[in-house]
Amino acid sequence: MEMESRALYSPRHPMLKKQDDFEDILEERRRSSDLRYALRCYTPTLYRGLVPCKASMLKSIVLQSDHLQYVIKQVSSESGDSSECVAEEASLILDEMAHRLQLSTIRFFAFTLSKAFKRLFRSVCVNEEGIQRLQQAVQEHPVVLLPSHRSYMDFLMMSYLLYTYDLPLPVIAAGMDFMSMKFVGEMLRMSGAFFIRRSFGGDKLYWAVFSEYVKTMLRNGYAPIEFFLEGTRSRTCKSLTPKTGLLNIVMEPFFKGELFDVNLVPVSISYERILEESLYARELLGIPKPKESTSGLLKARRVLSEDYGSMYVYFGHPVSVRSLAEGKINRSQYNLLPRYIPQKPSADTHEFLNDAAFRLVRIQEENMVLKPWVLIATLLLQNPDGLDLSSLAEQTDWLRHLALAFGAFLDWPDGEACSEVISCSLALHRHLLSVSAGHVQLSVTDAPQVETTPEEDVFHRAVVVLSCASYRNQILHVFLRPALLAVAMQSANSNRKDDVYNSFNFLRNMFSNEFILCPGDSFQDFEEACYLLMKRGVLQVLEHEIVMSASGHSTLAFLSSVLDPFLQGYQVVCRYLCEETNENLTEKEFIPAVRSFALKLILAGRLKCYEALSSDLQKNALAAFLRLKAVRKVKVGEQETLKVNKIAVNSLEDTLGGKIPTQKPILARL
Amino acid sequence: MASNSSSSAQQRLRIIAGHLQKRPEDENAGVAPQECKAEAPRSEPSSTTPVPRRRQEIMKWNGWGYSDSRFLFNKKGQAEFTGKRYRLSGLILPSLKDWFEGTFGANLKHRSPATPSLNLSAVAPPNLNQPFMEDLKAAGLSVSHDPEDRVFRAHGHCLHEVFALREGRIGRVPDMVIWPSCHNDVEKIVELACKHNVCLIPYGGGTSVSSALECPREETRSIVSLDTSQMNRILWIDEKNLTAHVEAGIIGQDLERQLNERGYCTGHEPDSMEFSSLGGWVATRASGMKKNIYGNIEDLVVHIKMVTPRGVIEKSCLGPRMSTGPDIHHFILGSEGTLGVVTEVTLKIRPVPEYQKYGSVVFPNFQQGVACLREVARQRCAPASIRLMDNEQFQFGHALKPQVSSMFTSFLDGLKKFYITKFKGFDPHHLCVATLLFEGDRGKVLQHEKQVYDIAAKFGGLAAGEDNGQRGYMLTFVIAYLRDLGMDYYVIGESFETSVPWDRILDLCRNVKERIVRECKERGVQFPPLSTCRVTQTYDAGACVYFYFAFNYRGLSDPVHIYEQVEHAAREEILANGGSLSHHHGVGKLRKEWMKESVSGVGLGVLKSVKEYVDPQNIFGNRNLL
Ligand SMILES: Cc1cc2nc3c(=O)[nH]c(=O)nc-3n(C[C@H](O)[C@H](O)[C@H](O)COP(=O)(O)OP(=O)(O)OC[C@H]3O[C@@H](n4cnc5c(N)ncnc54)[C@H](O)[C@@H]3O)c2cc1C
């Protein structure tokens, strides 16, 4: 398969042309015996500094480590418990946590997953060069695998692939919620998962066991460590703001000189159709999520009978922690304290980690293979009343060129007519659409036959919209910066560059919980947006002014509509906060309350934007308002309540609506 | 190999003579039982071998050491060492060629010879301060502005310094050389220098490896190299208090030999002791191989006299320890010629030990070796010297095995022989060796030896004989000569050192070695470099680590620059891994940029204000350290 190669579009992302050939690993599976494959001789490439060690030895190395011994003594003297007692606790924590990776389990999965994957997917495409790079990287330095997280499938797939390519099997940091599924949990444990409690905030001992466990495996080159920077599965298919805790743990052995380097390998996993698609939409709408139980997963058998198209796994270039940290981290800060004494990362380190995490997620985004359907989904969302097929074809083609010009990693089938491509996509996603008389529109296809209330109707429709949005969201990162500029141009005071920049900055700041925007990059982002739109002939960027070209209107209009659901959604949240009279609003009550507020607006015909119902959007908006200090958390007794600064919220709302131009004072306050 | 010969006149320490000096026994086959101890006297009368004023008469002007001693590949392609001075002298080293070509990807056909002689016209005419000259003449002090004399004193032994000389490139050199013969001469010179505002650079043995002797390019005044070599007398020996009062220009081998003749020694044996001077040691905070028994230079000095532009600084008595505020000796120690001239030093001396014994231990890997050294230090039972070489250095040591010599019974042959029985399980690509030197009275040495070998055994270490130990020490003395050989065939290299807490040694060694390899690769060095280390000193709280780094520079347009970039990166790596800026080589101008980071801004300010007070005119203008 030939991928579109990407243009070098920005000095900041010197994008290597992604000429990688993809290999469909299922092809071989469809040709030869799965059993033989599962039992094949597995001889992984090994790390040259490997300290051979059995899983059982691992435990005692961790428990005997200076670091853990130190923390055990410390906890014991603080709590008054005997250190034997604390050590015992540490040992139990480790038992609860530790993986029990066994090749036999992997072989079992190799067999069963082969069967499953072949039924689910048309193809599973892997970039071969990425595999070769990984093969190299694995030998040189300990490796950390950082896949994107969109589905439960992700880590099974990762281990499956590494087994396939004779790469060392990873150990995977997984959330504890799996553990409630007894059997599955144990199976996953035996395929390399280790389990971390969701929250263990101040628990020193837990943290010590956990971090030492991960570091020991890393230092000894025991196995590649795999974890999800985003922390959890993204229900929206937008990348989530990365977490830095585990990143810090895997980088520390380098900071402290225990390892010469660590290779971070971002992996982008994308699905043509997501298995959890409607589950996610329901979850975002507050339709309660079934507890992850084994039986629940079994029900997912129904899933097996459907067609999920292709899946893509792109192994990115290994990122050396050493080069990342060059000039940013002064490693001698660790000189004056014995290295086993845990140290909170310094402010500098923290900033570095955060920055690195964002950059890694950006790499994941950029390497995400996109299918034509994401373009179609984008257009269908912008046209709630639907489109004629001919017009859809025309617009899709236009959008395809725009996306490519902006550097999208688009997998557009070679030499196929646009209409052909579109009808294939529509067929795969038919459950979200209705096509009749050459007209296509989003629609509820599996509506129950029984009478429904207007509220239920709204939710049914919302499920479709949010499902569809999860595809549009995959390409948002491509349009994001130009779209912010497009909106900024509309709302800015004037065409003056600094005015536009101010508006841009305001929006960027507003949406920094919503999208992946690297902290401190606002100027580069602005420049990049200008550059891309200039290159497209949409704008002219003069010395002091930014002027729209005659032909630029449609592009700018498209780009602004890309952000429209978010602008509207945030305004709804503002409106709610201004109108809300409950003085003791808690964070917990916030989401349901905004949801019913938005629902009312929709039912009243005053709001068309179903995405305002998404709890993800609402959560992000609240986080932004808290960050911008328009809302504050106040402790009243045991409860934390939200205190709203209505004037500030009001003015944010106005600015988002483009009513009053962004003024310096507002910016300054931000 | 050891003896307990009692005649003190014959008791000679195995300093240079011990490590290197050719002795008649060497010609005889068979291992003489007295090998280590009973050194034959030198051919020259021992007490009268001062360093000549015209050093170039016996020493190389563009390389290391004595002119008569050098490595070369003979017509048969075999390495040999010329001259008569050293144990290796006149011997063939059959395995050196293969090691050399294999390690560096070098080829004996590809030569990069040095400019044969100094091109006098390349030396800028001296910038002489006439009134100063006249005053010196009136005071009866002898000077020279002969270009050879000046060029000789314009450098130490950093790679870039020697490389430039080999290419015939001469930078800023002192405008004249002056040889005081006593403390009073120095006082006079310093006084006149202040009066006429000339720049003085003290010169001891010229073995500096920190660019300390380089003339600052920006210096516009007349630069005078103050050569201390003629101040080389032992002024008195006090047997009651075991101290000796010595002029600071004396070089290590002369000091030790003369004390030995009286039955004493200082025990201070830096690897450069053939040429480096007492004053140089004080000025750089030198460290000797046997510091475990005798201490480093700061432990050895009882009293120092230094002439500064403000006058003479010294203490009023010879008390062994004082609580009189910060120790003023510590402003002098390590001052690197920036404050004044050390003229006389009172040193502790010890009776020459009755017995000496080398030893060696082979470990399965470097980690085990370090763990053993750590345990030895914990139990505070380190022998006079204990050094742990990594695998590359172990192999290097092997390449230096001479063809026929009783001394050098083949370790590898031996190894092969009992590989099956004894060293089973040792991977020749991982094993490493510790070399040991014990000294003291015979009974105690043997007891001590057993203690150390017992500890070693706990870490998988197996005793590997005295020869290997001795050859290990020899390596350090010939390494500087070997560098010249490398430079004849496109190979350049250098050593550098640090000190580091015990728990960081392994990480630091691995990271620094790897950083070197990587930096070389990134800079286009075609063949992987030699990047190797050893632990050379142990302390309660850490150890000194010494690195060798060399590479084949064929195809590179500016090899010295690349070399310097790599060394710079290696130093950054050391600092990032908790190592110090220097354990004993000092700062000079080479490592100045890291001083502030190393001692804090305030610390540097303190040093600056001392300089400001002592030498406001910057007469001692070599611009080291600060
Ligand atoms: C092959 C080799 C091996 C070495 N091994 C060791 C070792 O084992 N241990 C160790 O510590 N070092 C070692 N060194 C480094 C060097 O030998 C030491 O720094 C030594 O102390 C320098 O002494 P020097 O007399 O040669 O001084 P020089 O090189 O002449 O001068 C060094 C500095 O001291 C100043 N100085 C010299 N004499 C005086 C004086 N009388 N008063 C004031 N300032 C003065 C000079 O101005 C200069 O700044 C080695 C160097 C080489 C080349």
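Data overview
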read-out	value
Integer Hz, Karplus 6.51/-1.76/1.60 couplings in order for the range B:81-89, x for Gly and Pro	10, 8, x, 10, 7, 10, 4, 7, 4
For the range B:39-163, Kirkwood radius (reciprocal of mean inverse C-alpha pair distance, Å)	18.3
Karplus-derived HN-Hα couplings along the range A:29-44 (A = 6.51, B = -1.76, C = 1.60, θ = phi - 60°), whole Hz, x at Gly and Pro	4, 6, 9, 10, 5, 5, 5, 4, 4, 5, 9, 4, 6, 10, 10, x
Electrostatic dipole magnitude of the range A:372-446 [Cβ: Lys, Arg +1; Asp, Glu -1; Cα centre; debye, to 20]	160
Heavy-atom accessible area order for A:MET190, A:MET534, A:MET368, largest first, 1.4 Å probe	A:MET534, A:MET190, A:MET368
R0 of 35 Å, Cβ-Cβ distance B:ASN119-B:ASN618: FRET efficiency to nearest 0.05	0.65
Theoretical ellipticity at 222 nm over chain A - DSSP helices of four or more residues, -39500 (n - 2.57) apiece, nearest 500	-16500 deg cm²/dmol
Under-5 Å amide H pairs with A:LEU370, H placed in peptide plane, nonlocal only	A:PHE409, A:LEU410, A:ASP411
Heavy atoms of A:LYS629 accessible to a 1.4 Å probe, total area in Å² rounded to 10	140
Histogram of C-alpha separations across the range B:454-573, 10 Å bin width, %	12, 37, 34, 15, 3, 0
Antiparallel bridges, percent of DSSP beta bridges restricted to chain A (to nearest 5)	60
Inter-part distance where the range B:114-128 and the range B:466-539 are each reduced to a Cα centre, Å	33
Under 11 Å, Cβ to Cβ, from A:LEU567 - net charge with Lys/Arg +1 and Asp/Glu -1	-4
Sequence-distant aspartates and glutamates (8 or more away, or on other chains) whose Cα lies within less than 12 Å of B:LYS611	B:GLU336
Average silhouette area of the range A:467-658, convex hull of alpha-carbon atoms, in square nanometres	11.7
For the range A:372-446: span of alpha carbons on each principal axis (Å, largest first)	35, 23, 21
Fraction of beta bridges assigned by DSSP in chain B that are antiparallel (%, nearest 5)	90
Listed pairs A:LYS256/B:LYS444; B:LYS290/B:LYS450; A:LYS238/A:LYS535; B:LYS195/B:LYS348; B:LYS240/B:LYS450 exceeding 30 Å between Cα atoms	A:LYS256/B:LYS444; B:LYS195/B:LYS348; B:LYS240/B:LYS450
Average projection area in nm² (convex hull over Cα atoms of the protein assembly as shown, one quarter of hull surface)	59.9
Karplus-derived HN-Hα couplings along the range A:493-502 (A = 6.51, B = -1.76, C = 1.60, θ = phi - 60°), whole Hz, x at Gly and Pro	3, 8, 7, 4, 4, 5, 5, 5, 4, 4
Per DSSP, loop trypsin sites (Lys or Arg not before Pro) in the range B:280-366 with at most 12 further Cβ within 10 Å	B:ARG321
Residue-normalised accessible area of the protein assembly as shown, expressed per residue, 1.4 Å probe, Å²	40
Contour excess over end-to-end distance, with Cα ends at A:SER596 and A:SER554 and 0.36 nm allotted per residue	11.6 nm
Descending semi-axes in Å of chain B, equivalent ellipsoid built from Cα gyration tensor	37, 29, 25
Sulfur and carbon atoms: percent of accessible area, chain A [1.4 Å]	54
Within the accessible area of the range B:271-320 (1.4 Å probe), percent carbon and sulfur	49
Trypsin sites (Lys or Arg not before Pro) restricted to the range B:85-143 and DSSP loop, no more than 13 other C-beta within 10 Å	B:LYS109, B:ARG111
Computed E for B:LYS137/B:ARG54 - FRET, C-beta separation, R0 25 angstrom, nearest 0.05	0.80
Over the range B:234-351, relative contact order from alpha-carbon pairs under 8 Å, at least 6 apart, %	34
Angle in degrees between helix A:245-255 and the longest Cα principal axis of chain A, rounded to the nearest 10	60
Cleavage-rule hits (trypsin sites (Lys or Arg not before Pro)) in the range B:424-490: DSSP loop, at most 11 neighbouring Cβ within 10 angstrom	B:LYS424
Normalised contact order of the range A:467-658, rounded percent, pairs of Cα under 8 Å and 6 or more residues apart	22
Nearest-10 value in Å² for the accessible area of A:VAL450, using the 1.4 Å probe	100
Distance violations [Cα-Cα > 19 Å] among A:LYS243/A:LYS344; A:LYS73/A:LYS204; A:LYS243/A:LYS619; B:LYS109/B:LYS401; B:LYS76/B:LYS97	B:LYS109/B:LYS401
Spin-label pair B:LEU242/A:GLN64, simplified geometry with 7 Å Cα→Cβ offset, distance in nm	4.2
Per-pair calculated FRET efficiency, R0 = 35 Å: A:GLU96 and A:GLN132 via Cβ, rounded to 0.05	0.40
Kyte-Doolittle mean at least 1.6 and Cα axial length at least 15 Å: DSSP H helices in chain B	none
Rounded accessible area of A:ASP34 (nearest 10 Å², 1.4 Å probe)	10
Considering only the protein assembly as shown, percent of DSSP beta bridges that pair antiparallel, nearest 5	80
Kirkwood Rh in Å, taken over chain A so that all alpha-carbon pairs contribute	26.7
Sequence-separation-based contact order of chain A, relative, with Cα cut under 8 Å and 6+ spacing, percent	13
Globularity ratio of the range B:79-150, using Cα Rg and 2.2 N^0.38 Å	1.99
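The values are calculated or read from the model by the stated rules, or taken from the named source; none is laboratory data. What you are looking at is a predicted structure, and each value in this text was computed from that prediction instead of being measured. Cβ: placed from backbone, ideal geometry, glycine included. Neighbour counts: every protein chain shown. With ligands, DNA and RNA removed, areas are computed over all heavy atoms of the protein, side chains included. Shrake-Rupley method; radii C 1.70, N 1.55, O 1.52, S 1.80 Å.
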